[in-house]
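Worksheet for the structure shown next.
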Amino acid sequence: MDESLLVTQLIAGDDKAFRYVIGQYQTLMLSIARAIVGDVFADEVVQESWVSVYKNIAGFERRASLKTWLLTIVSNKAKARLRKESRMVSLEQLDGETPGSYLDSANFKRDGHWQNPVSHWNNESPEALLEEKQLQACIAKTLLLLPPTQKAAFILRDIEQHSFDEICSLLDVSAANVRVLVHRARLTLMQVIDRYQETGSC
Amino acid sequence: MLSCKQVATLASQYLDHDVSTPLKWRIRMHLMMCANCRRFIRHLQITQTVTKNIKVDEQTPDSEKIWQELQQKIRQESKQD
Ligand SMILES: [Zn+2]
């Protein structure tokens, strides 16, 4: 849908347009809220955000895209809520180490070389892998189970293609941490493909 | 020379072109010598291509319900004013 037309309809108070935008962005907004304040407050934060969107859409200046504007609102609401609950959760608590991942020290010799050879993949064609319905399901399932901050960072970066700078400010994590989060998420998903290559299932 | 562990840790940044030039060359040097890390990086790149096309089928949001709740909330707030 043409964004400029959509914004015009929203400003005019068109409730169909509003429902459409909710359908488009609710899920992504929820992942951001969960990444910042956790599951318990995420739904409320997103609802507050929609109220704010509804009240302030007339002032939307179209300098940023509608999506960026929405994500900024939910990010700010979530950060405000986090301060209010004064529940400072560290990144470590949200996204603890994943034992058994590729970066586990057990996978390396003392000199830092691989303990065992990196496993062979019979199928190295992304196009062919994308045809494998079961693999798709395995990846989607694993993605949903990632710790919230990792999941949001991964979705924003690799699926929604946001810049690292944007992700840092949306999720309120440092530049270094956001890279670590994305890397961990990718490695976990790579492990899914690894297992699939070996066993043909999740 | 970088260790395999260091290369594995930096792999995403390397693929994202997010390392300094000297570090990039040190990684390339390692990759020239190490078939395992070459494979690791290649697999990570394939993973990126495959996962960026994934459909995240979380429950589709119930826009109607969210919209109704939103309307209710706005009515409540305007009553309080
Ligand atoms: Zn190596």
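The values are calculated or read from the model by the stated rules, or taken from the named source; none is laboratory data. Because the structure is predicted, anything quoted here is derived from the model rather than measured. Glycine gets a Cβ as well: all are built from the backbone with ideal geometry, and neighbour counts include every protein chain shown. These accessible areas exclude ligands, DNA and RNA; they are computed on the full protein's heavy atoms, side chains included. Shrake-Rupley method; radii C 1.70, N 1.55, O 1.52, S 1.80 Å.
Counting only protein heavy atoms and a probe of 1.4 Å, the accessible surface of chain A is 50% carbon and sulfur.
Here the scattering of the protein assembly as shown is modelled by Debye summation over its C-alpha atoms, one equal scatterer each and no solvent; at q = 0.13, 0.14 Å⁻¹ the log10 of I(q)/I(0) is -0.94, -1.05. Per residue, chain B exposes an accessible area of 61 Å² to a 1.4 Å probe, with every protein chain left in place.
Lys and Arg at +1, Asp and Glu at -1: add these up for the other residues within a Cβ distance under 14 Å of B:Lys24 and post the number. Result for the neighbourhood of B:Lys24: 0. Here the peptides B:2-8, A:106-112 are ranked by packing, the mean other Cβ count within 10 Å, and the order with the highest first is B:2-8, A:106-112. Dipole size of the range B:7-81 about its Cα centre, with +1 on Lys/Arg Cβ and -1 on Asp/Glu Cβ: approximately 680 debye, rounded to the nearest 20.
Stokes-Einstein diffusion for chain B, with the hydrodynamic radius set to the Kirkwood value over Cα pairs and evaluated at 25 °C in a medium of 0.890 mPa s, equals 148 µm²/s.
Of the GluC sites (Glu not before Pro) in the range A:8-71, the ones in a loop by DSSP (not H, G, I, E or B) with at most 14 other beta carbons within 10 Å are A:Glu61. Taking the 0 to 90 degree range and rounding to the nearest ten, how far is the long axis of helix A:15-37 tilted relative to the main principal axis of chain A, both from C-alpha atoms? In chain A, helix A:15-37 runs at an angle near 50 degrees to the longest axis. Between helix A:133-145 and chain A there is an angle of about 70 degrees, using the helix long axis and the longest principal axis of the Cα atoms. The residue among B:Ala11, B:Leu31, B:Gln45 whose Cα reaches farthest toward the positive pole of the charge dipole of chain B, with charges on the beta-carbon of Lys, Arg, Asp and Glu, is B:Leu31. Summed over qualifying helices (DSSP H, 4 residues or more, each -39500 (n - 2.57)) and divided by its residue number, chain A shows a 222 nm mean residue ellipticity of -21000 deg cm²/dmol. In this assembly, the B-A interface accounts for approximately 4400 Å² of buried accessible surface in total, computed with a 1.4 Å probe and without ligands, DNA or RNA. Compactness of the range A:95-202 is given as radius of gyration and Dmax, 15.2, 40 Å, from Cα positions. Left without a cysteine partner by the 4.7 Å Cβ rule in the protein assembly as shown: A:Cys168, B:Cys4. About its Cα centre, the protein assembly as shown has a charge dipole of approximately 720 debye under the convention of +1 per Lys or Arg Cβ and -1 per Asp or Glu Cβ, with nothing else charged. For chain A, the longest principal axis of the C-alpha atoms and the axis of helix A:39-56 are separated by about 40°.
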